[in-house]
Amino acid sequence: MGAFVINGGKPLFGSAVISSSKNAILPIISACLLTDEECIIKQIPGLDDVTGMCELVSNLGADVRVDGKTRNIYICAKSLSGHTAEYELVSKLRASFLVMGPLLAKAGKAKVALPGGCPIGSRPVDLHLKGFEAMGAKIDNGHGFIEARCPGNKLKGTTIYLDFPSVGATENLITAAVLAEGQTIIENAASEPEIVDLASFLTKMGAKISGAGTDTIIIDGVDKVNGAEHTIMPDRIEAGTFMTAAALTGGDITLLNVVPEHLKPVTAKLRESGMEIIENGNSVKVRGIARPSALDIKTHPFPGFPTDMQAQLSAYSCFAEGTSVIVETIFENRFMHVNELRRMGAQIRVDGRTAIIEGIESLQGAQVRATDLRAGAALVIAGLAARGTTEVLDIHHIDRGYEFIENKLQRLGADIRRI
Ligand code: EPZ
């Protein structure tokens, strides 16, 4: 399962290049199923989730080629042979559910295993299915699979109101609407930057989309879309994770390949707690100039504070001066890092969706376990700042979303190694 051994207390210095966004790549790989022509997705990081998504579209019959040198992925779904995404893969990679939209749009049918839950929550897909049904699909839910078909192989454009601005539901419905008959309007849509990146890729393919990045997205269906090339947006959560690590260890780092606009909620909180953040074009400089002061954080859909940064800022708050209050409004069980941080001496109390953190001068190194991707990242951050040695177990969770995180941290002066 692998582990990281971290000797804490070393400030981070130097610069690092942020990789392409995992959460932008996954729906874009799925969107390649919409066309018979080859798509090129550029500079892809080596992430287990990306490998998994490529494996899935390849199992569906798409031709997938990864160029090790350029890090480009070439995908051609001309000979789609299947329309079933098996449980074996979907249970490991929930984002597999994102193939339902393109398969319905392109092949008029899709059979995808119900993703099931994951450590952070039950992760239902009801909003996806309600949207597909509104577009005329017939949905059968049985034996652990969702089977969807649309009469005459053509979805019908319509207006869909999302009860919650779900990122995945928005992405699935946009891709389904691209080839639908007529206009689809998605109201109360998610406005995360990853949605904008998906819409930008689809537009290059010939889709007609407006409003991406707002809560109302309009898609005018077209008969077909073509291949396209795309460079994926930088990973705002990887950037936020490194910013938090630099701030907490009293370091001074520059992150390259970032979009400061995407980092506003994290930048605001780090500044509020006393850190110096200097934005300069597509780079950001972070100086940890003092012990952090306590923070109040409430996660919200974009442009609010991202749930994917909650665990990292919770770890950060353990070292702060004062009491921090962290409210997780998106997922019902996203405090899995708390018990592990307690093993390092953190003073945290959890009451439902609220964590109350009494900051202390420092945590002590301990053996801890990554329970999910961002909880694992939070434990690495805590280990970098803690006194003594921290061993983070089950780091395969971390490899899902961070490309060789230890290499980037080592180059910034961290004492971390993979065993
Ligand atoms: C995406 O997940 C991200 N994953 C998550 O990142 C991220 O935490 C989440 O968006 C929120 O920003 C990818 O993009 C691959 P949602 P997604 O649908 O699409 C409820 C990471 O660490 N909901 O916006 O699954 C759901 O239960 C991962 O990189 C329904 O009730 O998130 C949750 O409470 C973790 N019904 C809330 O909405 C539905 O049909 C947000 O879910 C769909 C969602």
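The values are calculated or read from the model by the stated rules, or taken from the named source; none is laboratory data. Bear in mind that the values here come from a model prediction, so they are computed numbers and not experimental data. Methodologically, a virtual Cβ is constructed for each residue, glycine included, from the backbone with ideal geometry; neighbour enumeration extends over all protein chains shown.
Of the residues LEU341, LEU363, the single one that is within 11 Å of ALA315 (Cβ to Cβ) and touching a strand residue (DSSP E or B) at 6+ places or on another chain (Cβ under 7 Å) is LEU341.
When the range 325-356 is filtered for residues that are out of contact with any helix residue (DSSP H, G or I) (no Cβ under 8 Å at 6 or more places or on another chain) and in a strand (DSSP E or B), the ones remaining, listed by number, are VAL325, VAL327, GLN347, ARG349, ASP351, THR354, ILE356. For LEU26, the requirement of being at pLDDT below 95 and within 16 Å of the ligand (Cβ to nearest atom) is not met. For the range 322-341, the criterion of being within 22 Å of THR241 (Cβ to Cβ) and in contact with a Cys (Cβ under 7 Å, 6 or more places away or on another chain) is satisfied by at least one residue.
Quick grid of which residues meet (1) hydroxyl-bearing (Ser, Thr, Tyr); (2) at positive phi; (3) surrounded by fewer than 22 Cβ atoms within 10 Å (Cβ to Cβ):
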{"residue": "LEU89", "(1), (2), (3)": "no, no, yes"}
{"residue": "LYS92", "(1), (2), (3)": "no, no, yes"}
{"residue": "SER96", "(1), (2), (3)": "yes, no, no"}
{"residue": "MET100", "(1), (2), (3)": "no, no, no"}
{"residue": "VAL112", "(1), (2), (3)": "no, no, no"}
{"residue": "GLY116", "(1), (2), (3)": "no, yes, yes"}
{"residue": "HIS128", "(1), (2), (3)": "no, no, no"}
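Name the residue that is farthest from the ligand (Cβ to nearest atom), counting only residues in the range 303-324 that are part of a loop (DSSP other than H, G, I, E, B), without any contact (Cβ under 8 Å) to a residue 60 or more places away in the chain and more than 30 Å from GLY168 (Cα to Cα). Here the answer is GLY322. Of all the listed residues (THR203, THR170, THR175), the sole one being away from the ligand (no atom under 16 Å from the Cβ), buried (at least 16 other Cβ atoms within 10 Å of the Cβ), under 24 Å from the mean Cα position of the chain (by Cα) and modelled with pLDDT of 95 or more is THR203.
Pairing each residue of the range 117-144 that is over 30 Å from ALA375 (Cα atoms) and touching a residue at least 24 places away in the same chain (Cβ under 8 Å) with any residue that is more than 12 Å from the ligand (Cβ to nearest atom) and part of a loop (DSSP other than H, G, I, E, B), provided the two are 6+ apart or on different chains, yields C-beta distances under 7 Å for ALA134/THR158; MET135/LEU155; MET135/THR158; MET135/ALA180; ALA137/CYS150; ALA137/LEU155. Of all residues in the range 264-302, those satisfying the criterion of being assigned to a strand (DSSP E or B) and either closer than 27 Å to ILE195 by Cβ or within 16 Å of the ligand (Cβ to nearest atom) (or both) are ILE277, GLU279, ASN280, SER283, VAL284, VAL286, ILE297, LYS298, THR299. Given the conditions (1) under 27 Å from PHE335 (Cα atoms); (2) touching a strand residue (DSSP E or B) at 6+ places or on another chain (Cβ under 6 Å); (3) within 15 Å of the ligand (Cβ to nearest atom), and given that VAL99 satisfies all but one, which numbered condition is not satisfied? VAL99 satisfies every listed condition except (1).
Screening ASP63 on (1) within 16 Å of the ligand (Cβ to nearest atom); (2) of a type in the set (Asp, Glu); (3) farther than 27 Å from HIS397 by Cα shows it passes everything except condition (1).
I'd like the full set of residues that are out of contact with any strand residue (DSSP E or B) (no Cβ under 8 Å at 6 or more places or on another chain), among the hydrophobic types (A, V, I, L, M, F, W, C) and in contact (Cβ under 8 Å) with a residue 40 or more places away in the chain, limited to the range 212-230. Listed by number, the list holds a single entry, VAL225. Cβ-Cβ contacts under 6 Å between residues 6 or more apart (or on different chains), taken from a first residue in the range 240-255 that is part of a loop (DSSP other than H, G, I, E, B) to a second residue that is surrounded by fewer than 24 Cβ atoms within 10 Å (Cβ to Cβ) and hydrophobic (A, V, I, L, M, F, W, C), are listed as GLY251/PHE13. If you scan the range 148-167, which residues turn out to be more than 12 Å from the ligand (Cβ to nearest atom), at pLDDT 95 or above and charged (D, E, K, R)? The answer is ARG149, LYS156.
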